[in-house]
Structure formats: C-alpha cells, structure tokens
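First comes the structure, then the notes that go with it.
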Amino acid sequence: MAKLTIDRETCKGCGLCADVCPKHLLALSKEINTKGYHPIGITDQESCIGCAFCARMCPDAVIKVEK
Amino acid sequence: MGEKMLMKGNEAIAEAAIQAGCRFFFGYPITPQNQIPEYMSKRLPKVEGGCFLQAESEVAAINMVYGAAGAGARVMTSSSSPGISLKQEGISYIVGAELPCVIVNMVRGGPGLGSIQPAQSDYYQSTRGGGHGDYRMLVLAPSSVQEAVELTQEAFDLADKYRNPVLVMGDGLIGQMMEPVEMPEHKERTDLPPKTWAATGWKPGCGRDRAVINSLYIDPAVLEKHVNHLYEKYAVMEQTECRWQEEMTEDADFVIVAYGTTARIARSAMRKLRAEGIKAGLIRPITLWPFPAAPIAKAAEHAKAFLTVEMSMGQMVDDVKLAVNGAKPVHFFGRTGGIVPTVREIITEVEKLAKEGK
Amino acid sequence: MAVVYEKTKLLTDKPLHYCPGCTHGIIHRLVAEAIDELGVQEKTIGIAPVGCAVFAYDYFNCDMMEAAHGRAPAVATGCKRVNPDNVVFTYQGDGDLASIGAAEITHAATRGENITVIFVNNAIYGMTGGQMAPTTLPGQVTTTSPYGRDPKLCGYPIRISEMLATLDGPAYISRVSVHDVKHIMDAKKSIKKAFETQIAGKGFSLVEVLSACPTNWGMTPQEALKWLEANMIPQYPLGVKKEVE
C-alpha cells in the first residue's frame with residue numbers, strides 16, 4: 001500500500017513521470033493549475049507499489065511517495 | 001617597520017598589501033608589473049593563511065578575486081593596461097555584487113599592445129567605468145613609492161568600508177623605480193563592518209541569512225533600487241574620500257594640474273618657473289575619483305589659466321575643464337606612447353602661456 | 001507510513017523556472033540530494049553559471065555565488081582557496097563551460113583544484129534561444145547552424161570529459177545521462193562520488209550530465225529524452241573517464 005502526494009500547483013505537466021511508471025498509473029488531469037499546466041494525477045492509488053520511479057524522474061520534485 | 005628600506009615600487013606595493021592583511025593574490029604576468037606577482041609568489045606562502053596563484057589569464061584572475069572576496073577575504077590583483085581591459089567584466093561584476101578588493105594598474109602605453117613604458121592613458125577607463133553599467137570606483141594615484149605603499153594599505157580599508165573595489169593606479173616608473181620606503185605598521189581598524197554577507201557555509205538557524213553573492217537583478221525596479229543604493233555609497237565617497245595636494249596655488253597665475261609621475265616632473269617645473277618670476281602653482285589629484293574639483297574651482301577664482309599635463313592625449317583635462325567650468329582657459333600638454341614629459345617641456349609650455357598673456 | 005521519497009531540504013521552496021521536462025530540474029535534485037546525504041549543507045558553496053541555470057542561486061539551499069559567463073571555475077578557485085574546508089561546486093552548461101569558459105575549466109582541472117564541477121551538456125544554448133554550442137552534433141540544426149552543423153565550417157563537437165581526463169590534475173571524471181530512471185540513479189551515484197572525491201581532498205572532480213532541451217530541440221519532453229539516448233550517447237559515451245583511488 002503506497003501513497004503519492006502531488007504538488008499540483010508546481011507540476012508543469014511534462015508527463016515524464018507517467019512514462020516511467022511501471023504500472024501506468026499516472027495521467028495528466030483534464031483540469032489546469034494556476035500556471036495553465038495540466039498537472040499529473042494518479043488514476044489508481046491502490047495499485048501503486050511505491051517504487052518512486054515517478055518521483056525520481058520528476059524535474060520539479062512535485063511527488064512525495066510514502067509506503 | 002620604522003626603518004627606511006630601498007624598495008622597488010612594485011615590490012613595495014606587494015609588501016604593503018601583505019602588511020594590510022591581504023592574504024590572497026591572483027594575477028598574471030604582464031610588463032611592467034611582474035614584480036608584484038613574483039613578490040607575492042615568494043612572500044605569501046610564507047605568511048600564515050597566505051595563498052598566491054598565477055591564474056591562466058587576467059580574466060581568470062579577476063574572477064578568482066571575485067570568489068575570494070565573496071568568501072570574505074582581503075584579496076588583490078594587479079596588471080597593466082591591456083590586462084586591466086580584460087578585467088573590466090569582472091570588475092563590473094565585483095561592483096554589482098558589492099565585493100571589496102584592491103586592483104593595481106601599472107599603466108603602460110596604449111592602445112592595443114602599445115608599449116611597456118609609462119603612460120597615463122587609462123584615466124578614462126578607470127574613472128568612466130571601463131566596465132559596463134552605472135558604477136564608480138575609488139581611484140588612488142600615488143606619485144612616489146612611499147605614497148604607493150600608504151595608499152595601497154588604505155585601499156584595503158576603503159574597499160572593506162564601502163564594499164567596492166579600489167584601484168591603485170601607478171605607471172611603469174612608479175612600479176620600477178627604487179626609493180626609500182618606511183613601511184608603515186598597518187593598524188587594524190575596528191570600525192569596519194563585519195563581513196556577515198560573505199559566503200562561508202550556511203544552514204538554517206546558523207545566525208545569518210543564506211549568502212547569495214550576486215549582481216543579477218532581473219526585475220528592473222529591483223535593479224534600479226540596487227544601483228541607487230550603490231550611488232548612495234558613491235555620494236559618501238565623494239563627500240569624504242577626495243584627496244589632493246596643492247603647492248603654491250594661493251597666488252598662482254598659472255596652475256598646473258598633474259598626477260602620479262607627471263606631478264613630480266611638474267613640481268620641478270613649477271619651482272624653476274617661480275625662480276624665473278612666473279607664479280606657477282600645482283594641484284596634484286591623489287584620488288582621480290572622486291576628482292578634486294573644489295580646489296581647482298577655487299584656484300580658478302584668481303588664476304589666469306590652467307595647464308593640465310598628462311602622459312596621454314588628454315583625459316584628466318576633461319575633468320579639469322568641468323571643474324573650472326569656463327571661468328578661465330584650460331590648456332593641455334601631453335606626451336604619449338610611453339614618452340615621459342621633461343621638466344623643460346613643461347616650463348616651455350607655461351612660459352608660452354605667460355608670454356601670450358593667457 | 002514511511003517516506004520512500006520526498007523533496008530534499010537542500011532545494012529551496014522556490015518553484016523552478018525551467019521548461020516542462022527540462023532535465024535541469026532532475027540534475028538540481030541529484031546534486032541537492034548528494035549534498036544532503038553527505039551531510040555537508042553548512043559547508044557547501046555553489047557557484048551558479050550564466051545560462052538557463054543562472055538562477056540556481058535561488059534553488060540550492062546553501063550559500064551561493066553567481067559567476068560571470070564561463071568564469072565559475074575561477075570563482076570557485078578563489079572561494080575554495082580562501083576556505084579549503086568548504087565544499088565548493090560549480091554548475092555549468094555547455095556554452096558556459098566548453099565555449100567561453102574553456103580556459104577556466106581546463107586550468108582548474110589541470111591545477112587539480114579541489115572542487116566539483118557539474119557539467120550539463122544539452123548540445124545547445126538554451127537560455128539565449130537555441131544557438132549552436134561547442135557540443136552541438138554534426139548535422140544538428142540550431143538557430144546559428146540553420147543548415148545543420150557542418151564540421152567543415154565550424155568544426156566538430158568537443159568531448160570535454162575525455163579531454164580533461166588526459167590531464168594529471170583531475171581525480172574523478174565521468175559522463176552520465178538522465179534520460180531514464182536507471183540512468184538517473186547511476187548519475188546520482190556518480191555525482192555523489194564526485195563530491196566524496198572533493199571531501200576526501202583527492203582533487204578535481206567533474207560529472208558531465210547528458211541532458212535534454214525539449215524547447216530548443218523542438219521536441220516534446222518524451223521525444224527529447226529518446227533523441228538524447230539515440231544521438232547523444234553515441235557521440236558522448238557514458239562512463240568513468242578518470243578515477244584516482
């Protein structure tokens with residue numbers, strides 16, 4: 001059981017985290033943040049294994065991973 | 001200390017710097033100042049905490065000065081005209097980041113590779129920027145080895161006091177000649193502000209703000225504020241740091257204005273002129289910036305004319321004209337290319353003025 | 001719940017200004033984490049370059065200095081000589097380090113200056129809008145090589161890591177990449193090793209990090225990382241180029 005906390009306001013919607021998630025759980029939101037970016041969101045928190053690949057890929061350090 | 005030693009100008013300046021607490025020197029060979037890095041390379045490693053490094057270029061040297069000054073050290077570099085040109089970017093950055101340091105320029109003939117003989121053709125470069133942006137630098141112009149020693153020592157205190165670079169401007173003569181020097185004992189000043197702004201290592205709660213040594217202010221309103229702050233410092237410098245020497249100006253008809261080596265020659269000319277019955281006087285700026293406009297303006301009240309003498313095509317003469325402000329004629333005599341004017345040449349110029357009634 | 005991964009305290013709270021998908025953010029993180037994990041925050045002084053990372057002094061949570069373009073190794077030299085106990089690092093792009101700063105980096109390396117250099121190589125000038133860099137690949141289109149870099153006209157790209165590894169001064173030189181998680185982990189190990197080299201007083205260390213510039217390469221972040229892997233790694237092989245025990 002793992003938990004992601006995403007700083008949606010700092011996320012720039014680059015999507016690199018989504019590419020590296022081994023379970024393909026990340027996708028850009030339809031909504032935009034105050035900077036106009038579509039921030040990343042996790043589609044299925046339950047399936048997250050807490051590998052933190054997403055957090056290690058993120059150029060803006062917006063993802064916190066807990067397990 | 002207290003005893004007189006015969007010292008070469010360049011070496012005396014280097015020793016004076018060490019006496020004033022300079023422990024870091026970064027420089028590069030260029031004639032006619034090579035004795036400064038050479039002396040530093042011998043002396044600094046023997047002094048506690050001393051570090052000498054010959055940099056790969058004058059550009060690298062001034063940036064090493066920036067780094068050392070940013071870390072809170074008393075640091076110096078020296079060069080000669082073409083090398084000082086290379087340092088201009090670094091000097092502008094040092095000013096913008098409000099770092100203290102001392103820069104010595106042993107001026108040689110220019111422009112370009114020029115000559116290795118003495119000149120005074122870096123006046124514009126030193127007092128009108130040289131580097132880009134709005135800024136000023138204290139420019140000290142000794143005319144003897146003893147004075148060079150005293151001004152170099154003071155330069156470190158002035159640099160720390162104002163958090164601004166100070167330039168000591170000599171020429172090949174002052175650098176190379178040997179004169180008796182009494183090395184003053186440098187009194188460490190207790191009134192200088194502590195360098196709490198320096199980058200020495202930080203963590204939250206350590207008692208000061210995180211240091212950022214920087215001259216980039218990308219927001220124009222912030223940059224304007226910063227430059228205004230720099231100019232507040234320059235206003236204080238103009239009020240309190242202006243220096244000059246006057247000789248026989250009270251009743252002078254013809255006032256010679258000259259600095260550095262040229263002032264010594266002009267002084268001899270002045271004395272010979274007086275012996276001939278021509279009332280000559282001398283104003284010798286010691287700070288080229290701030291320029292001693294006040295005594296020149298005062299002399300203009302009673303003098304008939306001014307003669308500015310420089311080893312250049314005429315650079316300081318602009319400031320003399322500004323100071324005189326049209327009240328009296330300002331003439332110029334100069335030699336350039338590394339040629340040093342003679343006493344006879346200066347006498348002839350003043351005699352001409354006296355004859356023509358100008 | 002235990003924290004598996006969170007942002008290091010060696011990065012300030014200021015949001016990074018870099019483009020979406022720019023690898024500067026990843027590299028900043030790795031450098032900051034290395035400093036944090038080695039426990040040397042209060043000794044560290046970083047020197048920021050001129051380039052996209054010009055505001056790096058706003059992001060690293062330690063004392064910082066801003067250097068003129070290319071001069072960071074000289075600034076670092078002056079700083080480190082004043083206090084040899086400080087951990088001094090420079091963070092420089094390819095224009096800063098390999099073009100205008102070529103003399104400064106070469107001499108800091110050959111002096112064996114005990115500093116750590118993080119060299120971000122993205123084969124282009126980012127901040128100024130995509131001009132050719134000394135590391136631009138033959139045939140690569142930039143705003144000042146609009147027909148593709150022609151080696152006959154403007155020479156070949158420069159392999160800084162190999163070049164500096166020929167000198168006796170350096171103690172650790174390596175080239176890494178950040179185009180996927182595995183390489184990011186390797187890059188972090190290398191960066192940490194470089195800082196350890198400095199802390200052990202062994203001498204000059206440099207890590208060249210192959211990086212992407214999606215904006216000026218005209219690609220998405222994903223395409224850029226793929227382009228990096230396919231084109232930059234053959235030109236700039238990864239690996240340790242020099243290591244002194």
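The numbers here are math on the coordinates, done by the rules we state, and not lab data. As the structure is a computational prediction, the values presented were derived from the model and not from experiment. Here the Cβ positions follow ideal geometry from the backbone for every residue, glycine too, while neighbour counts run over all protein chains shown.
Here are the numbers for the structure shown:
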| item | result |
| --- | --- |
| Relative contact order of chain C, defined on C-alpha pairs under 8 angstrom at six or more residues apart (%) | 19 |
| Net dipole in debye of chain C [+1 Lys, Arg Cβ; -1 Asp, Glu Cβ; about Cα centre; nearest 20] | 280 |
| Estimated [θ] at 222 nm from DSSP helical runs (n ≥ 4, -39500 (n - 2.57)) normalised by residues in chain B, nearest 500 | -13000 deg cm²/dmol |
| HN-Hα J in Hz across the range C:109-125 - Karplus 6.51, -1.76, 1.60, θ = phi - 60°, x for Gly and Pro | 5, 6, 6, x, 4, 7, 10, 10, 10, 9, 10, 8, 9, 10, 6, 6, 8 |
| For the range B:33-75 versus the range B:143-171, the gap between their alpha-carbon centres in whole angstrom | 16 |
| Chain C - mean residue ellipticity at 222 nm from DSSP helices (-39,500 (n - 2.57) per run, n ≥ 4, rounded to 500) | -8500 deg cm²/dmol |
| Residues with amide H under 5 Å from that of residue B:99, placed H, sequence gap 5 or more | none |
| Pairwise FRET efficiency - residue B:177 versus residue C:42, Cβ, R0 = 41 Å, nearest 0.05 | 0.25 |
| Dimensions (Å) - chain C, Cα atoms, principal axes, largest first | 49, 48, 31 |
| Residue B:245 long-range amide H proximity, modeled H, under 5 Å | B:284, B:286 |
| Debye-sum result for chain B in log10 I(q)/I(0), which assumes one identical scatterer on each alpha carbon, at q = 0.08, 0.12, 0.13 Å⁻¹ | -0.40, -0.86, -1.00 |
| Averaged over B:199-211, number of beta-carbon atoms from partner chains that fall within 10 Å | 6 |
| DSSP-loop chymotrypsin sites (Phe, Trp or Tyr not before Pro) across the range C:141-210, with at most 12 other Cβ within 10 angstrom | C:147 |
| Percent antiparallel among DSSP beta bridges (both partners in the range B:246-356, rounded to 5) | 15 |
| Modelled FRET efficiency - R0 25 Å, residue A:43 with residue C:6, Cβ distances, 0.05 increments | 0.70 |
| Tensor-based shape of the protein assembly as shown (alpha-carbon gyration tensor, a/c under 1.5 rounded, otherwise prolate or oblate) | prolate |
| From phi via Karplus (6.51, -1.76, 1.60), per-residue ³J(HN,Hα) for the range C:223-238 in Hz, x at Gly/Pro | 4, 5, 5, 5, 5, 4, 5, 6, 10, 7, 5, x, 6, 10, x, 6 |
| Equivalent ellipsoid semi-axes, the range A:3-66, via Cα gyration tensor eigenvalues times 5, rooted, Å | 18, 12, 10 |
| Dipole of the protein assembly as shown, positive end: most advanced residue of C:207, B:123, C:56 [Cβ charges, Cα centre] | C:207 |
| The range B:246-356 shape via C-alpha gyration tensor axes, a/c threshold 1.5 | rounded |
| Global geometry of the range B:132-183, whether rounded, prolate or oblate, following the gyration tensor of its Cα atoms and the 1.5 cut on a/c | oblate |
| DSSP beta bridges in the protein assembly as shown [antiparallel fraction, %, rounded to 5] | 30 |
| Euclidean distance between Cα centres, the range A:1-61 to the range B:216-250, Å | 53 |
| Entries of B:195/C:9; A:3/C:188; A:3/A:35; B:304/B:352 with Cα pairs more than 21 Å apart | B:195/C:9; A:3/C:188; A:3/A:35 |
| Under the Karplus curve 6.51 cos²θ - 1.76 cosθ + 1.60, θ = phi - 60°, whole-Hz ³J(HN,Hα) for the range C:11-18, x wherever Gly or Pro sits | 10, 6, 7, 5, x, 5, 8, 5 |
| GNM top mover of B:177, B:40, B:316 - chain B, alpha-carbon springs below 10 Å | B:177 |
| Most to least packed among C:176-187, C:219-230 [average Cβ atoms within 10 Å] | C:176-187, C:219-230 |
| Separation between Cα centres of the range C:1-39 and the range C:153-227, rounded to whole Å | 17 |
| Charged-residue dipole, Cβ positions (Lys, Arg, Asp, Glu), the protein assembly as shown about Cα centre, Debye nearest 20 | 460 |
| Considering only the range C:24-243, percent of DSSP beta bridges that pair antiparallel, nearest 5 | 20 |
